[in-house]
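Sending over a structure as structure tokens; questions will come in a sec.
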Amino acid sequence: MDIATVQALEILFSTPIRRYELPLFRGAVIKALPHDSVLFHNHVGNGLRYGYPLIQYKIIDGKASLFCIGKGTESVWDFFAGNDFDMRLGSRKVAATVEAINDISAEIAVDNESPHKYSIHDWLPFNQENYNQFNATESLAEKISMLNHILAGNILTMLKGVNVILKERLNADISSISESKTIKYKNIRLLSLDATFFCNVVLPQHIGLGKHASLGYGTVENLE
């Protein structure tokens with residue numbers, strides 16, 4: 001069994017935050033940087049850095065958090081260089097005191113004998129093409145099969161982003177799913193889902209999967 005270690009850090013702040021303030025939190029962190037760092041905003045010149053986001057902005061237990069993986073665990077220290085942690089979230093001024101820094105690195109290996117159980121929250125699995133296909137599918141079993149395929153693809157995208165290539169097949173099997181919810185992202189309506197699933201690889205706690213994972217969507221919880 002081939003094993004690859006993926007470095008991951010979770011930095012928890014004492015700052016209470018609400019969902020709509022996450023983009024403001026990201027903006028405040030970027031503004032506080034002593035110099036430009038691409039992994040904090042995923043923009044290159046006038047375009048985007050296409051690839052899995054290695055620094056993600058989240059709400060954990062109601063408080064602001066940075067999730068960092070791969071090269072993001074190195075770049076995140078740029079934020080701490082000479083920073084007094086005073087920032088503004090819209091009209092609200094806050095002191096972003098660090099509450100905890102957790103090493104949540106994971107050893108990635110395919111384990112078909114003991115699949116791991118997870119939940120995923122506010123997952124955005126659809127683009128326009130697969131959303132239309134999903135809506136046109138009447139069979140519930142086929143819908144779940146399609147979502148399993150999308151979820152496995154999201155996990156493989158994450159692994160590729162940290163330079164891990166599996167030699168064996170990755171399986172993701174959804175065991176329960178919520179009714180879809182509509183969320184607005186930059187004035188675009190998107191369908192979000194909560195689900196429980198099994199996967200034959202270990203996933204770091206609170207990793208983000210799917211669209212807009214950099215802003216807290218598709219956050220994974222380990223249920224074991």
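Run I59 past the list (1) modelled with pLDDT of 85 or more; (2) open to solvent by 80 Å² or more (accessible area, probe 1.4 Å) and report the number of the one that doesn't hold.
All conditions pass for I59, except number (2).
Separate question: Among the residues of the stretch 146-185, write down those that are open to solvent by 70 Å² or more (accessible area, probe 1.4 Å), farther than 16 Å from T219 by Cα and out of contact with any strand residue (DSSP E or B) (no Cβ under 7 Å at 6 or more places or on another chain).
Answer for the stretch 146-185, where residues must be open to solvent by 70 Å² or more (accessible area, probe 1.4 Å), farther than 16 Å from T219 by Cα and out of contact with any strand residue (DSSP E or B) (no Cβ under 7 Å at 6 or more places or on another chain): H149, K160, N163, I165, K167, E168, R169, E179, K184.
Looking only at the stretch 1-35, filter to residues that are among the basic types (K, R), in a helix (DSSP H, G or I) and out of contact with any Phe, Trp or Tyr (no Cβ under 9 Å at 6 or more places or on another chain); which one of those is farthest from A106 (Cα to Cα)? Lay out the reasoning, then the answer.
Here is the first cut: in the stretch 1-35, the residues among the basic types (K, R) are 18-19, 26, 31.
Of the ones still in play, those that are also in a helix (DSSP H, G or I) are 19, 26, 31.
Within this subset, residues satisfying the condition of being out of contact with any Phe, Trp or Tyr (no Cβ under 9 Å at 6 or more places or on another chain) are 19, 31.
Working: R19: 27, K31: 31 Å.
It comes out as K31.
Residue by residue through the stretch 172-207, note down the ones that are out of contact with any helix residue (DSSP H, G or I) (no Cβ under 7 Å at 6 or more places or on another chain) and of a type in the set (G, A, S).
Within the stretch 172-207, S175, S176, S178, S180, S192, A195 meet the criteria.
Which of the strands (runs of 3 or more DSSP E) found entirely inside the stretch 65-160 contain at least 2 residues meeting this: charged (D, E, K, R) and within 30 Å of V29 (Cα to Cα)?
By residue number, 86-89, 92-95, 98-103.
A quick yes/no check of all residues on (1) within 19 Å of G51 (Cα to Cα); (2) of a type in the set (A, V, I, L, M); (3) out of contact with any Phe, Trp or Tyr (no Cβ under 9 Å at 6 or more places or on another chain):
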position: G153; (1), (2), (3): yes, no, yes
position: G161; (1), (2), (3): yes, no, no
position: N171; (1), (2), (3): no, no, no
position: I174; (1), (2), (3): no, yes, no
position: T182; (1), (2), (3): no, no, yes
position: K186; (1), (2), (3): no, no, yes
position: L191; (1), (2), (3): no, yes, no
position: V202; (1), (2), (3): no, yes, yes
position: H206; (1), (2), (3): yes, no, no
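When you check S214 against the structure, is it among the hydroxyl-bearing types (S, T, Y), crowded, with 19+ Cβ neighbours inside 10 Å, under 17 Å from the mean Cα position of the chain (by Cα) and closer than 29 Å to T5 by Cβ, yes or no?
yes
Spot the failing condition for N163; the list is (1) at positive phi; (2) assigned to a helix (DSSP H, G or I), and only one is missed.
All conditions pass for N163, except number (2).
Same structure, new question: Taking the stretch 1-31 on its own, how many of its residues are among the small types (G, A, S), more than 18 Å from G218 (Cα to Cα) and open to solvent by less than 40 Å² (accessible area, probe 1.4 Å)?
Taking the stretch 1-31 as the starting set, the residues that turn out to be among the small types (G, A, S) are 4, 8, 14, 27-28.
Within this subset, residues satisfying the condition of being more than 18 Å from G218 (Cα to Cα) are 4, 14, 27-28.
From what is left, the residues that are open to solvent by less than 40 Å² (accessible area, probe 1.4 Å) are 4, 27-28.
Of the residues in the stretch 1-31, 3 are among the small types (G, A, S), more than 18 Å from G218 (Cα to Cα) and open to solvent by less than 40 Å² (accessible area, probe 1.4 Å).
Starting from residues that are under 22 Å from L156 (Cα atoms) and open to solvent by 50 Å² or more (accessible area, probe 1.4 Å), keep the ones in the stretch 33-50 and report whichever is modelled with the highest pLDDT.
Among those that are under 22 Å from L156 (Cα atoms) and open to solvent by 50 Å² or more (accessible area, probe 1.4 Å), it is Y50.
Given the condition within 15 Å of K58 (Cβ to Cβ), outside any loop (DSSP other than H, G, I, E, B) and open to solvent by 30 Å² or more (accessible area, probe 1.4 Å), answer yes or no: does some residue in the stretch 190-198 qualify?
no
Here is a further query. Hey, could you check the stretch 83-121 for residues that are of a type in the set (D, E) and farther than 22 Å from C68 by Cβ and say which is most open to solvent (accessible area, probe 1.4 Å)?
Keep residues of the stretch 83-121 that are of a type in the set (D, E), which gives 84, 86, 99, 103, 107, 111, 113.
Still in the running and farther than 22 Å from C68 by Cβ: 111, 113.
Working: D111: 43, E113: 171 Å².
By that ranking, first place goes to E113.
Here is a further query. Identify, please: which residue in the stretch 52-64 is of a type outside the set (G, A, S) and outside any loop (DSSP other than H, G, I, E, B) and is, among those, farthest from the chain's Cα centre (by Cα)?
Taking the candidates together, the pick is K63.
The values are calculated or read from the model by the stated rules, or taken from the named source; none is laboratory data. Every value quoted in this text rests on a predicted model; they were computed, and no experiment measured them. Reconstructed Cβ throughout: ideal geometry from the backbone, glycine too, with neighbour counts over all protein chains shown. Please note that ligands, DNA and RNA were not included when accessible areas were found on the heavy atoms of the full protein model with its side chains. Shrake-Rupley method; radii C 1.70, N 1.55, O 1.52, S 1.80 Å.
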